[in-house]
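The values are calculated or read from the model by the stated rules, or taken from the named source; none is laboratory data. Keep in mind the model is a prediction, meaning the values are calculated, not measured. For neighbour counting, all protein chains shown are included, and Cβ atoms are generated from backbone atoms with ideal geometry for every residue, glycine included. What goes into the accessible areas is simple: the full protein's heavy atoms, side chains included, and nothing from ligands, DNA or RNA. Shrake-Rupley method; radii C 1.70, N 1.55, O 1.52, S 1.80 Å.
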Amino acid sequence: TGSTGFGGGHVLAEARGRGLPVRAFWCNSFSAALASTKSVEWFSCDLARLPDNLSPMLEGIEAVVHCAGATSADAGGADWEAYSRRINVDAVAKLFQSAARAGVARWIQIRTMSAHPGRTSVYGRTKLEADDFVRAASPPPAWTILRPSLIYGPGERGLCAKTLKMARKLPVFPVFGPAARLRPVFVGDIARATLDCLAS
């Protein structure tokens with residue numbers, strides 16, 4: 001999932017580079033160029049309106065790599081909290097349960113450092129709830145949750161892109177509040193680590 005997004009797109013490219021066959025879900029940002037991508041089977045799938053049983057779409061799949069997620073920029077004027085819950089929590093539960101019914105052996109979930117109890121934002125709370133759901137589930141599938149910090153690289157979006165854009169425009173870059181520690185990680189390294197989880 002999330003194969004047309006920033007991180008998911010790099011995971012897709014890494015999988016193709018390793019010669020892995022891929023079944024990719026797409027929602028809004030699909031193009032004719034993607035449709036012609038070799039060794040990729042594309043499925044239209046709106047995570048905000050998932051059916052209860054996705055097992056038919058997951059038949060024959062050995063592993064699910066779940067990269068999709070909702071940020072406030074994706075809500076498009078909708079109720080952000082309700083939209084975030086549908087994508088970041090409900091969709092994860094439906095996908096994971098369907099994967100279990102379909103006999104999928106592995107589940108790799110790309111989440112965020114924001115997913116911890118100290119965060120009060122809608123984004124952090126819904127991401128943590130999804131992580132808690134997966135951790136409480138009985139395998140199969142066996143799961144791995146990766147929680148990278150700030151991700152940067154070609155095609156970057158989100159906080160890192162906004163920060164760099166602001167830094168380029170301002171002669172002085174303001175930092176408010178207590179010192180914050182960030183550990184930026186290159187998106188290509190995330191993609192490689194993600195697929196390495198399939199073997200380890």
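Of all residues in the stretch 94-111, those satisfying the criterion of being under 14 Å from the mean Cα position of the chain (by Cα) and either charged (D, E, K, R) or closer than 14 Å to Leu50 by Cα (or both) are Leu95, Phe96, Arg111. Residues that are modelled with pLDDT of 85 or more, β-branched (Val, Ile, Thr) and open to solvent by less than 60 Å² (accessible area, probe 1.4 Å) occur in the stretch 149-163; there is at least one.
Where residues in the stretch 106-133 are crowded, with 16+ Cβ neighbours inside 10 Å and acidic (Asp, Glu), which of them is farthest from Ile61 (Cα to Cα)? The extreme case among them is Glu129. Within the stretch 119-142, residues that are without any contact (Cβ under 8 Å) to a residue 40 or more places away in the chain have Cβ atoms under 6 Å from residues that are surrounded by fewer than 19 Cβ atoms within 10 Å (Cβ to Cβ) in these pairs: Gly124/Ser114; Asp131/Ile145, counting only partners at least 6 apart in sequence or on another chain. Only one of Ala136, Ala91 is open to solvent by 30 Å² or more (accessible area, probe 1.4 Å) and of a type in the set (Gly, Ala, Ser); which? Every option except Ala136 fails the conditions. Say whether the condition of being of a type outside the set (Asp, Glu), under 25 Å from Asp189 (Cα atoms) and in a strand (DSSP E or B) is met by at least one residue in the stretch 111-125. Checked against the condition, which is being of a type outside the set (Asp, Glu), under 25 Å from Asp189 (Cα atoms) and in a strand (DSSP E or B), the stretch 111-125 yields no hits at all. When the strands (runs of 3 or more DSSP E) confined to the stretch 1-106 are screened for residues that are within 26 Å of Tyr123 (Cβ to Cβ) and modelled with pLDDT under 85, those reaching at least 1 such residues are found at 22-26, 40-44.
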